[in-house]
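Remarks on the structure that follows.
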């Protein structure tokens, strides 16, 4: 057993400086140590503890910790959402995260997404409050933050303090207690905020100090691995390499992998078994994202590390899938384990719920976790673009479950054959939390439409007065002019007198000699009432009310948020009339 370096992932809103921070640290290590001490792998940089000591100077001594971790493994994930592919069974592959926030812009949409996913995976994180050099009046004097901060004019310190506490307040709303790192009283209960500049390097020694201290103090037990055991890893990306073909960019988090080893990889159907044709690493200190970077073959790789794998028969592999090595006689056992892991995320079909699609297994898992927290049921969850089959799966339950006849697509598009939309709503976005916000907003609007439609089917509350001098016909049917005093009168509405005695249903309504379906407060209209004689059942000047059935009154109580104040008051008046005869009417 050995202690591996903690896996550290940088997350945050686009252009807030994730890669710039890493670049500064990588350049610092080259400048302050002999060339070649830092090693760069696929999507990762291995920062040895000796390099961290040199950057931090005597700051590490203040931790009073015996450092046993060999260093830190930085994972460079392109795109704000790519870190969801850093997955391991039931959680996130990262041991700790650096959430990068631009001090000038604060918490942005993608920052919120990162916070939500970190919360779901229970991944501890530190905030790097970047670009402090852009604070108005800031003077860069040295890289040690607290010393430099105390040398700034009071007005500059005040600006930084205001920006920092705006973020503290916002994080508090999101359920996190946070504070500037040097004021943190308990690192298990507070998120540390380290002001930094990726441009000048200010605060980076403190950032590495806090990161190293937290990893050493709280993560040591979880970092123990068996370097001789089976390799376990997660696929970050699949890429075509000239002269090699399709390759897998993998982060190994456990065990040891050698050339010619048998590996089992998850797919959307059955796991595949293949052999490692070649293990590739970029040339020393070269950036993997640079197209000019050349790769060299290595015979083996041990966790924790990033490595590129060349292997046959990997066409069906997608990002975020698990991978493990095994001996030839354990292939079936390994396949069962990998399939179980994939099946925990992929949902084939359930009776009710929405359909969700995502670009990778990691982002699909993150989306499912966030939907579960919101109690939104998922009927089907899979990877890839939205297909005709997905639309059919969503539409099938429309009659029973219209509010969940939805397809959510994260980072995916519509396939060409998926254009016949009928009773299914498609919502896509590249930010997971925005996707869920859009879903909830749509569901609320649809719910309102449904409930408003239900109200339209009920007898609406109405109060009217028969106008004097406007009896157009005495009976068969009686036709009288009325003044709508409150509410809405509709055709077929039953009417009653002030004592609750029912009179008749409104057969028709005429306004300006034209038939209308309804008339609202302030209108004067002519109505026809069958089986009524003016002078017997009704008289000029009478006040009439809509005779709302008991069951419909109770329904109004359920839907009262869609009623205006006048309608609510009128319903109380009608209830009071009805309860004169029946005290429990409408209760």
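What is the antiparallel percent of DSSP beta bridges lying wholly in region 323-425, to the nearest 5?
So the antiparallel bridges amount to about 10 percent of the total.
Taking Cα pairs under 8 Å and at least six residues apart, what relative contact order does region 2-223 come out at, in percent?
25 percent
Tell me the angle of helix 154-173 to the major Cα principal axis of the chain, expressed in degrees between 0 and 90 and rounded to the nearest ten.
60 degrees
Over region 462-579, what is the relative contact order in percent, taking alpha-carbon pairs closer than 8 angstrom and at least six residues apart?
Computed value for region 462-579: 31 percent relative contact order.
If one puts a single equal scatterer on every Cα of region 349-430 and applies the Debye formula without solvent, what log₁₀ I(q)/I(0) results at q = 0.13, 0.14, 0.26 Å⁻¹?
Log-scaled intensity ratios, in q order: -0.34, -0.39, -1.35.
Please give the helix 565-579 orientation as an angle from the longest Cα principal axis of the chain, in degrees from 0 to 90, rounded to the nearest 10.
50 degrees
Per residue, how much space in cubic angstrom lies within the convex hull of the C-alpha atoms of region 118-211?
Roughly 97 Å³ of hull volume per residue.
Considering only DSSP beta bridges whose two residues both sit in the chain, what percent are antiparallel, to the nearest 5?
Percentage antiparallel, nearest 5: 70.
Report, to the nearest 10°, how far helix 204-219 tilts away from the longest principal axis of the Cα atoms in the chain, using its own Cα long axis and a range of 0 to 90°.
80 degrees
Counting DSSP beta bridges in region 439-587, what percent are antiparallel, to the nearest 5?
Given both bridge residues lie in region 439-587, the antiparallel proportion sits at roughly 95 percent.
So if I take the alpha carbon set of region 2-223, get Rg, then get Rh from the Kirkwood formula, what is the Rg over Rh ratio?
For region 2-223, the value is 0.93.
Taking the mean number of other Cβ atoms within 10 Å as a proxy for protection, how do you rank 451-463, 196-208, 380-392 from highest to lowest?
196-208, 380-392, 451-463
Tell me, in nm to one decimal, what length is gained between residue 457 and residue 327 on full extension, where the rule is 0.36 nm per residue of separation less the Cα-Cα distance?
Gain on stretching residue 457 to residue 327: 39.9 nm.
Subtracting the Cα-Cα distance from 0.36 nm times the residue separation, let me have the gained length for residue 403 to residue 448 in nm, one decimal.
Length gained between residue 403 and residue 448: 15.1 nm.
At 25 °C and 0.890 mPa s, grab the translational diffusion coefficient of region 394-453 from Stokes-Einstein with a Kirkwood Rh over Cα pairs, rounded to a whole number in µm² per second.
After rounding, the answer is 198 µm²/s.
Can you give the Rg/Rh ratio of the chain, where Rg is from the C-alpha atoms and Rh is the Kirkwood radius?
1.18
For region 482-587, what is the convex hull (Cα atoms) projected area averaged across all directions, in square nanometres?
Value for region 482-587: 7.0 nm².
Could you give log10 I(q)/I(0) at q = 0.10, 0.14, 0.16 Å⁻¹ for region 355-500, computed by the Debye formula over C-alpha point scatterers of equal weight, without solvent?
Taking Cα atoms of region 355-500 as identical point scatterers yields -0.53, -0.70, -0.84.
Over the chain, what is the relative contact order in percent, taking alpha-carbon pairs closer than 8 angstrom and at least six residues apart?
10 percent
Can you give the calculated 222 nm mean residue ellipticity of the chain, where each DSSP H run of n ≥ 4 adds -39,500 (n - 2.57) and the sum is split over every residue, rounded to the nearest 500 deg cm²/dmol?
So the helix-based figure for the chain works out to -9000 deg cm²/dmol.
Report, largest value first, the span of the C-alpha coordinates of region 78-169 along each principal axis, in whole Å.
Taking the Cα atoms of region 78-169, the three principal extents are 50, 24, 22 Å.
How do 158-171, 334-347 rank on mean C-beta neighbours within 10 Å, highest first?
Descending packing order for the listed peptides: 334-347, 158-171.
Could you list log10 I(q)/I(0) for region 232-340 at q = 0.13, 0.14, 0.23 Å⁻¹, which the Debye formula gives when each Cα is one point scatterer?
For region 232-340 at q = 0.13, 0.14, 0.23 Å⁻¹, log10 I(q)/I(0) is -0.43, -0.50, -1.37.
Bear in mind that the values in this text are calculations on the coordinates, not laboratory data. None of these values were measured; they are calculated from a predicted model. All Cβ positions, glycine included, derive from the backbone under ideal geometry; neighbour counts span all protein chains shown.
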